[in-house]
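Here, each number is a calculation from the coordinates, and none is a lab measurement. In this text the structure is predicted, and so the values were computed from the model without any measurement. When we count neighbours, we look across all protein chains shown, and the Cβ atoms used for this are built from the backbone with ideal geometry, even at glycine.
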Amino acid sequence: MFEAYNLRAESVHEAAESLRHKVEGLSNAQRAEYYAQYTQAIKDPDTYAVLNWVFLAGLHHFYLQHYLRGLLNLGVMTIGIALCFVLPMLGGALILLITLVELPALFRSQLIVEAHNVELGIDIYREIAS
């Protein structure tokens with residue numbers, strides 16, 4: 001949930017570079033299989049950012065297949081909206097809380113999705129290399 005706060009660009013770029021070197025060491029057939037699977041699995045940072053911007057309710061987490069985080073955000077946002085009709089201060093506070101937690105993810109969407117794609121690439125590499 002707090003990947004926007006914890007991710008370091010240097011670490012992600014180093015992991016991506018390391019993965020590139022490993023993939024270069026695969027045979028031509030393995031490399032072709034790797035890129036075929038990777039191309040289908042990767043996620044787009046712009047889609048992630050749009051889902052975050054338009055729906056702060058956690059749909060961007062579902063896009064990256066982080067279902068528990070998505071459900072948590074969606075639940076808190078739904079409770080916040082419902083509470084706005086009964087206890088407006090508490091409902092507004094919950095919505096503000098989700099907004100403050102998720103706003104940095106909007107501005108760091110490129111890095112978050114790159115880190116996700118690197119993890120996907122590592123998983124695919126392990127599957128193909130073994």
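Observations on the structure shown:
- Inter-centroid distance (Cα atoms) of segment 100-130 relative to segment 41-61, Å: 13 Å
- Footprinting exposure proxy for Tyr35, Tyr125 (fewest neighbouring C-beta atoms within 10 Å first): Tyr35, Tyr125
- Total charge dipole magnitude, the chain, about the Cα centre, Cβ charges on Lys, Arg, Asp, Glu only, Debye to nearest 20: 220 debye
- Ranking of His116, His60 by count of other Cβ atoms within 10 Å, fewest first: His116, His60
- Label point distance in nm, Phe107-Gln65, each placed 7 Å from Cα along Cα→Cβ: 3.0 nm
- Label-point separation, Ala16 to Ile81 (7 Å along Cα→Cβ), nm: 3.4 nm
- Compactness of segment 34-130 as Cα Rg over 2.2 N^0.38 Å, two decimals: 1.31
- Legend: ranking of residues His66, His21 from fewest to most surrounding C-beta atoms inside 10 Å; resulting order His21, His66.
- Using θ = phi - 60° and Karplus 6.51 cos²θ - 1.76 cosθ + 1.60, couplings along segment 20-37 (whole Hz; Gly, Pro as x): 4, 5, 5, 5, 4, x, 6, 5, 4, 5, 5, 5, 4, 5, 4, 5, 5, 5
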